[in-house]
Amino acid sequence: MRVYVFMVLFLSSLVQYGQSISGRVQSEDKEFLPFAAVTLNRAQDSSLVKAVITDENGNFVIRNIPGSKYLLNISNIGYKDYQLEILFDGNSLELGTLVLEFSAENLDEVTVVADKPMIQVQADKTIFNVENTINATGTSAFELLRKAPGVIVGNNGGIIVEGKLGVQIFIDNKLSVLQGEDLINYLESLQATDIEAIEIITQPSSKYDAAGNAGIINIKLKKDKSLGTNGTVTGGLTVGDFGRYNSSINFNTRGKKGNFYGTYSNRFGKSTNFLNLLRTQAGTSFGARTRSIYDRNSNNVKLGYDLYANKKSTFGAIFDGNFNNGYGINNSRTPIRAIGASQNDSVLIANNRTSNLSYNLNGNLNYRFTDTLGVSLNVDLDYGKYNSDRNAFQPNVYFNGNETQVIRELITRQETPIDIDIVTLKADYEQNLLKGVVGVGFKLSYVNTFNIFNFFNIENNQEVLDVNQSNEFSYDERINAAYFNYNAKWKKWNLQFGLRMENTISDGNLESMQANQDSRVKRNYTNFFPSGGLTYQLSPKNQFALTYSKRIQRPNYASLNPFEYKIDELSSSKGNPFLQPQYTDNLKLSHTHNYRLTTSLSYSYISDFFARVTVAEGDTRNFLTTLNVADQEIINLGISYPKNIKDWWNVYFSLNAYVSNYKANSPEFLPVKQETLSFYIQNTFTLPKGLRMEVSGWYSSPSVWGGTYQTASLGSLNLAFQKKFFQERLTSRLSFNDILYTIPWRGTTQFGDLFIDGSGGSDSRQVAFSLTYDFGRKEIKNARSRKTGLEDEKDRIQD
C-alpha cells in the first residue's frame, strides 16, 4: 500500500504544471524543432530565470513562474535567434507555435545553454562526455574506453575503432609517450572521475601526425571553471578479487596576468588475471594455464602555467610525469602429452616473479598568438624522457607425468632496462584566405632509444651472464614533416582539404656476441598523406559529410629489435627489423538527422597489416612475432542515437557492424573473413530525492584480433547510482561492473601447423564506491588546453 501511494504521488507530480509558460517551436517549413534551447530572462536586468530544452515534438514548458515582465529567447543550431517580450500575469500562458528562420551562415555560432549530452556527434569527431555518466564510477580510463561509442578493447588490451587497430591515444591534446603494457598501466591509474570527455577522431586532418590507422582518441581531463582558486578532490575504493584504492586532486587558479593549474592522481592495489593456452604442435599438446597477481603503485602529476603577455600573446609551460612501481606473480603449469593420449608425458612448472620501476617525464614550452583578423600562430618545443627497469626471475622445472619427480630444471633471470629520449619542435599558422581559412605548419622530431637485454643462467644459486643470449639494441629516428590545410564555407557547403608530407630516417643497430644478419637496418623514405572532407547542409535537420584520409602506422621501437626474449622454456618473443609500416586509406560517408541520429558507412584498406603471429620452432618451442603477412579490408556501418523517452528517462544507443577481410600475402597465413556486431546502450533514470541511476551494457559478437585470433563474443552489464549533497558540492557514486562476468575472452588461432585454443580475463566483476568534493568558486575561465609536439614518437614506446 505504501508503495502504491508513493507511485501515485510521484506520477502526479510529473503532470502538475502550476503557473507555467508553454509553447511549440517549429521551422519555416513547418517542421517541429526538438532540443532547441529556450531561456526566460527578466526584462528589467536580463537575469536568467529559467532554461529548458524542447522535447521531441518541439514542445516546451517553463513551470512555477511568478507574474512579471520577461524576455523569451529561443536558439537552435542552423536558425536565427528568436526573442519575444512577455507580460506574464501569473496564470498559465500558452504561446502557441513560434517559428524560427533558417540561417545557414550561423551554423557554428549558436550556443545551447543546457547540460552537455552524454554523446555529441560533430562533423570531425564524436565526443563522449564522461562527466555526465555515473557508470564511470570506480573505473579507470582504460575500462572507460570499452563504453565509448565505436570502441572495442581486445583481449590483449589492443584498442579497436570502427574495426581497425592502431589508434593514437592523446591526453589533453598531447600524444601519450607510452604504449603496450605501460600505456595500459597508465590508463588504469587515470581515474574516470578526473576525465571530462573522450573525443574519438576517426578522420584527422593534415594538421595532425599521419600516424594511427584508426585515428585518434583524445582523453580530456577535467579543468575547473570558477573564478579565483578552485578544484576537486576524489577518493575511491574498487573491490574485485582484491581491494584497489585511488585518489586525485586537481586545481586551477587564475589572475589577471596568468593561470596556474595542476593535477595529481594515484592508484594502489592488486589485480588478478588468468590465461589458458592449449597449443598443438607436431603431434604434441601443451596445455599452459597461468594465474597472475599484479600489485601496482602508480602516480601521475601535471603542472602548467599560462602567462598572458597581452591580448594577443600567451606564453605557456607544462610539465607532466608518470611514475610506476609494480610487482607480478605468474604461476604457470603446462601439461605436455601426445595428441590423443590419456596421460601426460611431462609437466612444466614456471612460477615467475617480475618487478618493474618506470617513469615518464615530459616538458613543454609554448607560445600562442591570435588577433581579431583571424591570424593565429602556435609554437611548441618539447622534450620527453622515458626509463624502465624490469627484472624477471624465471624458474622452469620439468616433472614427470604424475609430477612426482623432477626431470630437469632451467632457472634464469633477465634484466631489460630501456631508455628513450624524444625532442620535437612544431609550429602551426592560420589566417583567412579567399573566404576560408588556410593553415600551414611543420614538425621536426628526433628519437633515440637504447635497450639492454641481459640474460643470466642460475646454477647453485650463482648467476652467470649468458653472453650468447644477451644483447644491446639502439634505434635512432628522425621525422621531418610539413603540411597545409584549407577550410571554406559556401552557402550550405563546407569544404576542407589538406596534404601532409613526412620524411622518415631511421637506423637500428643490434650488438651481441651472436652473428646476426639482421643486426643493422637503415631506412630513408618519404610519404604524402592527403585528407579532405565535404559537408552539405541539406536542411536544418539533415547534414551529409564525405571524408577521406590516408594514414600510416609505424612499428613501435621494441618490435624492431630482432633478439629473442624468453617467456618460458618453451615460448619466446622477438622483434622483426624488416617490419614495414602499414598504410591505411579511409573513406567515410555520414548523415546526421536532427543533430541526434547519426549514421555512417566507411571503407578502409590496410596494406602490410601488422599480424601478431605465433610461429612454430622445432617440435616443442614457439615464438611470438609481428609480420606483414596480410592486407586488411574493412566495411563498417555505424549508428548512434540519444533519445529522451521521458523527463526522467534518457537512453543512448551506439552500434557498429563491420566486415573484416584479411587477404594473405604469405602461404602460411590463413585468410580470415569475419562479420562483427558491437553495440553499447545506456539508460539514465532521474529518481526521487535527487537520486540518479544508470543501467548500461556493451556487447561484441565474434571478431578477429591481430589478424590471427578468432575470438568468441563478449560483453558487460553495469549498474550505477549517484547522489549529491551539500549544495551539490559532494558527489557519491556506487557502481557494479561486469555483473554477469562476461568480459573474459576465448579464441583460436592457426599459423602454419601450429594451433592454439586460448582464453583469458581479469577480475573485471567489481564493486566501486567514490566520493568527490568540489571546492572554490564557480566562474573561472578554463585552463588553456594545449596540444604539444610530442605526438607520434611518444605513442610508439613499448617495453
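Between ASN276 and ASN644, take the C-beta separation as r, use R0 = 41 Å, and let me know the FRET efficiency to the nearest 0.05.
After rounding to 0.05, the efficiency reads 0.35.
Return the FRET efficiency for the residue pair VAL406, SER92: r is the Cβ-Cβ distance, R0 is 51 Å, and the value is rounded to the nearest 0.05.
That gives a FRET efficiency of 0.05.
Please give the calculated 222 nm ellipticity per residue for the chain, where each DSSP H segment of at least 4 residues contributes -39500 (n - 2.57) and the sum is spread over every residue; nearest 500 deg cm²/dmol?
About -1000 deg cm²/dmol.
Compute the FRET efficiency between THR686 and PHE578 as 1/(1 + (r/R0)^6), taking r as their Cβ-Cβ distance and R0 = 51 Å, and round to the nearest 0.05.
Calculated transfer efficiency: 0.30.
With Kirkwood's inverse mean 1/r over C-alpha pairs for Rh, give me the Rg to Rh ratio of the stretch 451-504, two decimals please.
Rounded to two decimals, Rg/Rh equals 1.60.
In nm, give the distance between the simple-model label positions of LYS80 and ASN331, each being 7 Å from the Cα along the Cα-to-Cβ direction.
7.6 nm
Please report, in whole Å³, the volume per residue of the convex hull around the C-alpha atoms of the stretch 654-753.
So the per-residue Cα hull volume is 117 Å³.
Quick one: if you stick a label point 7 Å off each Cα along the C-beta vector at ILE458 and THR370, how many nm between them?
That separation, rounded to one decimal, is 5.8 nm.
Please give the helix 2-15 orientation as an angle from the longest Cα principal axis of the chain, in degrees from 0 to 90, rounded to the nearest 10.
60 degrees
Quick one: grab Rg to one decimal and Dmax as a whole number for the stretch 189-321, Cα atoms only, in Å.
Values for the stretch 189-321 (Cα only, Rg and Dmax): 21.9, 76 Å.
Per residue, how large is the accessible surface of the chain? Use a 1.4 angstrom probe and give square angstrom.
44 Å²
Within the stretch 420-449, whose backbone N sits under 19 Å from a point 7 Å along Cα→Cβ of THR526?
Backbone N within reach: 441-446.
Ranked from highest to lowest mean number of other Cβ atoms within 10 Å per residue, what is the order of the peptides 320-328, 168-176?
168-176, 320-328
Any of LYS443/LYS489; LYS69/LYS541; LYS302/LYS522; LYS207/LYS256; LYS256/LYS385; LYS311/LYS426 with alpha carbons more than 26 Å apart? Name them for me.
Beyond 26 Å between Cα atoms: LYS443/LYS489; LYS69/LYS541; LYS302/LYS522; LYS207/LYS256; LYS256/LYS385.
Would you kindly state how much longer the chain becomes between SER701 and GLN431 on full extension, computed as 0.36 nm times their sequence separation minus their alpha carbon distance, in nm to one decimal?
Using 0.36 nm per residue and subtracting the Cα-Cα distance, I get 92.5 nm.
When the accessible area of the stretch 454-543 is computed with all protein chains present and a 1.4 Å probe, what percentage of it is carbon and sulfur?
Exposed carbon and sulfur together represent 51 percent of the surface.
Ignoring ligands, DNA and RNA, what percent of the 1.4 Å accessible area of the stretch 606-737 is carbon and sulfur?
60 percent
For Cα extents along the principal axes in Å, one of [x] 132, 91, 59; [y] 96, 72, 48; [z] 112, 65, 45 was computed from the structure I shared and the rest are decoys. Which label?
Given [x] 132, 91, 59; [y] 96, 72, 48; [z] 112, 65, 45, the structure-derived one carries the label [y].
The values are calculated or read from the model by the stated rules, or taken from the named source; none is laboratory data. Not measured: the values here are computed from a predicted model. FYI the Cβ positions are ideal-geometry reconstructions off the backbone, even for glycines, and counts take in every protein chain you see. Each accessible area value is taken on the protein alone, full model and side chains, heavy atoms only, with ligands, DNA and RNA left out. Shrake-Rupley method; radii C 1.70, N 1.55, O 1.52, S 1.80 Å.
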